[in-house]
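Structure first, commentary second.
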Amino acid sequence: WRQALWVLSLCSIFAFLILAYYLSTSKVTSKATVLFATTASFGMLVMSMQNLGLIGMMTVQWPANLQGFFGICQLLLLDIDSYGFSCLAGNSEPIRYLLSALIFPTGVLWLGLACAVSRLLPKKHRWEWPKVCSTMGAFLQVGFSTMSATSLAPMMCYQHPNGQKSLLKYPGVFCGSADHGAMLVIGWTLLSVFVLGFVALCIFAVMRVPAWSTTKKNHLVASVRFLIFRFRLDAWWFGVPLLIRGPLINLPVVLATDYPPIQVVVIAMVLTTGMVMQMLAWPWKVPMLNVTDCIISFCIVLLVTTSTLYLNKIDSTMYAFASAVSTAMLSGIGVAIGIMVLMTTSALFYRSAMGGKKELTFFNLGRVATSEELARKVKDLAVELEKANAADLSTQLKALSVFDTQKITTCITLLATEVAPPAEDGRSFKFNKRIASGSFDPALKRKPQSRQFSSREDLAPKVPQANEESNEVNQTVETPEKKDTTMQSSWI
């Protein structure tokens, strides 16, 4: 019955990949809906537990309670050997390893085959290659930690007291044997083609996607939707650091299997670097997710640092101190997990858009101004700015600090990309790189604002009907310099 269950599970995976294509058609916007917040928080929960499972693979003598917790987290690494895969693949460890490594290429080929078969269907039912590429990327992204751990498994050798070495995951395979050599070939192929190759493609994509968005190559932007849809459109690149964090955590266990202190130092550096990047970028669309991510990262870093207390024999007092610190860190992680569970369950009762009239203040960490209020203030400010002299504005802007200047350039880039893109020389208004939301959905494209036909009358408050004739007379006798000033472009 276990073999039948495994066959059913594999068929379910292939069916889910087909379903994943149709689930990838949801719109990508600057705003985050509550439903998006719940799915993102659930993904963050799984990813955090996967990282904890990788930390549990460190060759450190953890306390029994932590070992049990890490064992639960390692189930989310989707290690098929822990699910009784030998019932289907047999007891041969090289064969089991080969079948484990073939899961990822098979999934990619299955999606390509499904796309090819869809060409036989009517045109409206045919699959689109950008969405297929995004679905392939999402599949590899979800299983990336598992894929990297699988590719590195033949390289993790530990030493026996008699001097011989065996694989950490497959103790029956001695390092240097023929079986080990075959597994190394499989592992290096998976590592170079699917792990490093996938990372290289993702790095290339995040470097080029702002240019693709600017030049309206929307099919290329849609093909990397899986990598950027969870983050703010000006922090699109954060998907790459998030992707490689898992393999970097696993790498010191591979290179220094017999040296736990080196593992602790390198893993702490990787986690701290990721936490600093997250705090600087604040990339998640929902502010509460950023806070939650910081809490989890902080607790995991301290948990890894505390592991140094278990490297040597310690007395009862130090053991109690280490256990107390570990328990406190696990409690902090539990609080963050509780927040994410709350966000997940909230989708069952509340589905309004975040930042709208009925936004959840808890998710946004405060009140968000309404669009009507923002529109009124932006229009009023545009009128005042058009009255100002360019030289005076330059003097006032010169006195601002570098942080205030960066906020102004970010605001101009945002307005030129999402609110009122200028019709002429639009790139000159973009100081920072940003992906336009219209690249994902044509309905979100903003109509360019012409500099030639935009006038102050569009911005200024409406005047009474009785004053129209006097205004027309004033406009006909004004000097060319003043007329040129009043007809300046105002793409806001």
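Numbers below:
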| read-out | value |
| --- | --- |
| Total formal charge among the other residues, if their Cβ is under 15 angstrom from that of R245, Lys/Arg +1 and Asp/Glu -1 | 0 |
| For L414, net neighbour charge (Lys/Arg +1, Asp/Glu -1) across residues whose Cβ lies under 10 Å away | 0 |
| Förster radius 45 Å - calculated FRET efficiency between L342 and A15, Cβ distance, rounded to 0.05 | 0.90 |
| Protein-only accessible surface order, largest first, of Y259, Y21 at 1.4 Å | Y259, Y21 |
| For the range 256-330: rounded, prolate or oblate by the Cα gyration tensor [a/c cutoff 1.5] | oblate |
| Gain on full stretching of the segment that runs from V193 to A4 - 0.36 nm per residue minus C-alpha separation | 64.9 nm |
| Spin-label pair L309/H125, simplified geometry with 7 Å Cα→Cβ offset, distance in nm | 6.3 nm |
| From phi via Karplus (6.51, -1.76, 1.60), per-residue ³J(HN,Hα) for the range 157-163 in Hz, x at Gly/Pro | 9, 10, 9, 7, x, 7, x |
| Other-chain or far-sequence residues with amide H under 5 Å of K165's (modelled H) | H160, C175 |
| Of all accessible heavy-atom area on the range 165-265, the percent that carbon and sulfur account for (1.4 Å) | 73 percent |
| Whole-number accessible area per residue in Å² for the range 196-308, which is evaluated in the context of all protein chains at 1.4 Å | 38 Å² |
| Protection proxy ranking of 110-122, 294-306 - average other beta-carbon atoms within 10 Å, highest first | 294-306, 110-122 |
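The values are calculated or read from the model by the stated rules, or taken from the named source; none is laboratory data. Just so it is clear, the structure is predicted and the values come from calculations on it, not from any experiment. All Cβ positions, even for glycine, are placed from backbone atoms using ideal geometry, and neighbour counts span all protein chains on display. We work out accessible area using only protein heavy atoms, side chains counted, and drop any ligands, DNA or RNA first. Shrake-Rupley method; radii C 1.70, N 1.55, O 1.52, S 1.80 Å.
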